[in-house]
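Contents: one structure, followed by commentary.
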Amino acid sequence: MASVKINNQVTIESNASDTLLETMEKAGLEPEYNCRDGHCGACRCKLKAGSVEYVGFAMAFTQPDEILPCICKAKTALEIEEVHYQPKAKRA
């Protein structure tokens, strides 16, 4: 498992079989996304440290320091920034 530090605020653990988007959801976060397959770019964020493995083809435009969490997995411990998310609402 690799640790993923998000926006210098939250650190979660990533399972090797999950994409970063799935990892965030399992950790109780609601990240912004639309497609889950690299087409829209809504989940785009900046990779500050670490390395990822893409499991799909990125159709959305990204800068060299950006990744698409919907189609990549953590290969090493990561630091990502400019991630747009909300904590999941707790049910009574």
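The values are calculated or read from the model by the stated rules, or taken from the named source; none is laboratory data. From a predicted model like this one, the values you see are computed outputs, not experimental measurements. Methodologically, a virtual Cβ is constructed for each residue, glycine included, from the backbone with ideal geometry; neighbour enumeration extends over all protein chains shown. Please note that ligands, DNA and RNA were not included when accessible areas were found on the heavy atoms of the full protein model with its side chains. Shrake-Rupley method; radii C 1.70, N 1.55, O 1.52, S 1.80 Å.
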Checklist line | In the stretch 68-84, residue farthest from residue 19 (Cα to Cα) [restricted to those that are surrounded by 22 or more Cβ atoms within 10 Å (Cβ to Cβ) and without any contact (Cβ under 8 Å) to a residue 60 or more places away in the chain] | finding: 68
Margin query: Among the residues of the stretch 18-40, what is the count of those that are in a loop (DSSP other than H, G, I, E, B) and without any contact (Cβ under 8 Å) to a residue 40 or more places away in the chain?
Written below: 9
Note to self: Residue pairs, Cβ under 9 Å, 6 or more apart or interchain, first in the stretch 41-66 and exposed (fewer than 13 other Cβ atoms within 10 Å of the Cβ), second of a type in the set (Asp, Glu). List them.
What the structure shows: 49/79; 57/37
Checklist line | Condition met for residue 19 (of a type in the set (S, T, N, Q), touching a helix residue (DSSP H, G or I) at 6+ places or on another chain (Cβ under 8 Å) and either closer than 20 Å to residue 1 by Cβ or open to solvent by 50 Å² or more (accessible area, probe 1.4 Å) (or both)) | finding: yes
Notebook entry, point to check: Which one is farthest from the chain's Cα centre (by Cα), of the residues in the stretch 54-92 that are charged (D, E, K, R) and closer than 19 Å to residue 7 by Cα?
Noted result: 88
Check: If you scan the stretch 62-81, which residues turn out to be among the hydroxyl-bearing types (Ser, Thr, Tyr) and at pLDDT 95 or above?
Finding: 76
